[in-house]
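The values are calculated or read from the model by the stated rules, or taken from the named source; none is laboratory data. This structure is a prediction, so every number in the text was calculated from the model and none was measured. Cβ placement follows ideal geometry from the backbone for every residue including glycine, while neighbour counts extend to all protein chains displayed. Note: accessible area is taken over every heavy atom of the protein model, side chains too, but ligands, DNA and RNA are not part of it. Shrake-Rupley method; radii C 1.70, N 1.55, O 1.52, S 1.80 Å.
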Amino acid sequence: MIQDILKDALHRMDQAITHTRMELGKVRTGRANPELLEGLSIDYYGTMTPLNQLSNITIPDASLISIQPYEKTLIPEIEKIIMQSNLGLSPNNNGTTVLVPIPPLSEERRKELIKHVHQLVEEGRVSVRNVRRDANHHLKSVQSEDHISEDEVHRAEQEVQQYTDDHVKLLGDLQVAKEKELMEF
């Protein structure tokens, strides 16, 4: 029973890290990155479909994203969804592809993005700590219900704390790496 609780806690903490990584990938740096467009979906015959399932997204150079839709009729929709996405990007089309130039970041915008990165990482830390709290609560309830010794529960709580420390450290490393990436010119 204790092993199930520990395994679940580790899995949920890993999910928090994965989610934070995905969110950090969406933060725009000065370089082109297809992950910027990952959250965008287009109404395709009545179904909201992710952009990457309707087109080829390539990076011809460090400051340009090229989107080649499988159907040319989607070009205006792709341009519209990028304009509405609040990414600060201005798409152009050449009849067959949508070209999205990535403008360089101003110093002010970099600082705003760093604040946003701090917020995303803090949300990840809160998620990890919530998992710790839930796991410890389950351990306490298992102790009283199943007559498990205090020592076993205490060891399990220490293991949960170790998982928490490791995951919080990993989130800190992700934050430092993203900040460094944002401050590159």
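What does the C-alpha gyration tensor say about the overall shape of region 10-106? Classify as rounded when a/c is under 1.5, otherwise prolate if a/b is larger than b/c, or oblate. Verdict is oblate for region 10-106. 3J(HN,Hα) along region 88-101: x, 10, 10, x, 10, 10, 10, x, 10, 9, 9, 9, 10, x Hz, from the Karplus curve 6.51 cos²θ - 1.76 cosθ + 1.60 with θ = phi - 60°, whole Hz, x for Gly and Pro.
Given the choices (i) 109; (ii) 125; (iii) 134, volume of the Cα convex hull per residue in Å³ derived from the coordinates of this structure is entry (iii). For the residue pairs K72/K115; K140/K178; K26/K169; K26/K80; K26/K72; K140/K169, the C-alpha atoms sit more than 29 angstrom apart in K72/K115; K140/K178. With all protein chains kept in place, the per residue accessible area of region 15-148 amounts to 57 square angstrom at a probe of 1.4 angstrom. Within the listed set T58, T97, T47, the Gaussian network model of the chain (springs between alpha-carbon atoms below 10 Å) gives the highest mean-square fluctuation for T47. Phi-derived couplings, Karplus 6.51 cos²θ - 1.76 cosθ + 1.60 at θ = phi - 60°, listed residue by residue for region 115-121: 4, 5, 4, 4, 5, 4, 5 Hz, with x used for Gly and Pro.
Ignoring ligands, DNA and RNA, what percent of the accessible area of the chain is carbon or sulfur (1.4 Å)?
About 50 percent, which is the carbon plus sulfur part of the accessible surface.
Considering only H147, H118, H11, the mean-square fluctuation computed in a Gaussian network model of the chain, springs between alpha carbons under 10 angstrom, is largest for H147. If you take the Cα centroid of region 85-136 and the Cα centroid of region 28-73, the two points sit 16 Å apart. Taking amide H positions as modeled 1.01 Å from N, with prolines and chain starts lacking one, the residues under 5 Å from I65 and 5 or more places away or on another chain are V100, I102. Put a dot 7 Å past each Cα toward the Cβ at Y44 and S106; how far apart are the dots in nm? Simple spin-label model gives 3.6 nm for this pair.
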